[in-house]
Amino acid sequence: VQLQACGGGLVQAGGSLRLSCAASGRTFSSYAMGWFRQAPGKAREFVAAIARSGGLTYYSSSVKGRFTISRDGIKNSVYLQMNSLEPADTAVYYCAAPKASVIISMTLRDYEYWGQGTLVTVSS
């Protein structure tokens with residue numbers, strides 16, 4: 001699976017952004033998907049995940065209620081709608097796919113395929 005993320009940019013605190021991640025291949029529906037982020041000088045951390053069916057989602061406590069993950073099987077894409085953005089959300093955001101056997105995961109080491117990252121900067 002090859003992943004291409006986009007949609008990052010500069011936004012003021014309280015604003016919104018929508019990240020997109022396009023997946024290549026015909027087996028997109030076989031994979032759960034996730035979003036991670038990495039702020040300068042910090043470790044990569046889990047943000048959100050969605051099961052293959054799209055019927056189950058997980059969120060980190062820091063974004064729950066503000067971010068929404070979704071997927072579109074027709075477009076082979078996964079999205080991250082980010083609302084009420086805060087300066088602490090500033091990071092490079094990565095979409096990722098775990099092994100095909102994983103139903104859904106918040107664990108970084110379960111993820112085998114990674115997009116190139118898109119930078120989100122939230123100004124105060």
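The values are calculated or read from the model by the stated rules, or taken from the named source; none is laboratory data. Since we're looking at a predicted model, the values are computed, not measured. Neighbour counts are summed over all protein chains in view; Cβ atoms, including those assigned to glycine, are modelled from backbone coordinates with ideal geometry. The area values use the complete protein model at the heavy-atom level, side chains included, leaving out ligands, DNA and RNA. Shrake-Rupley method; radii C 1.70, N 1.55, O 1.52, S 1.80 Å.
When the Gaussian network model of the chain links Cα atoms closer than 10 Å, the mean-square fluctuations of S77, S24, S105 top out at S24. Taking all C-alpha pairs of region 20-70, those more than 15 Å from each other amount to 52 percent. For region 46-98, trypsin sites (Lys or Arg not before Pro) meeting the loop criterion (DSSP other than H, G, I, E, B) and having at most 14 other Cβ atoms within 10 Å: K75. Using a cutoff of 8 angstrom between alpha carbon atoms and counting only pairs six or more residues apart, the relative contact order for the chain works out to 36 percent.
Can you tell which of A22, C6, N76 lies farthest toward the positive end of the dipole of the chain, using +1 and -1 charges on the Cβ of basic and acidic side chains (Lys, Arg; Asp, Glu)? The Cα lying farthest towards the positive end belongs to N76.
For the residues Y31, Y93, Y113, a 1.4 Å probe over the protein chains yields an accessible-area ranking, largest first, of Y113, Y31, Y93. Between Y113 and S84, the FRET efficiency estimated from the beta carbon spacing at R0 = 25 angstrom works out to 0.25. With the cut-off at under 13 Å, measuring from each backbone N in region 56-98 to a point 7 Å along the Cα-to-Cβ line of E45 picks out 60-64, 86-92.
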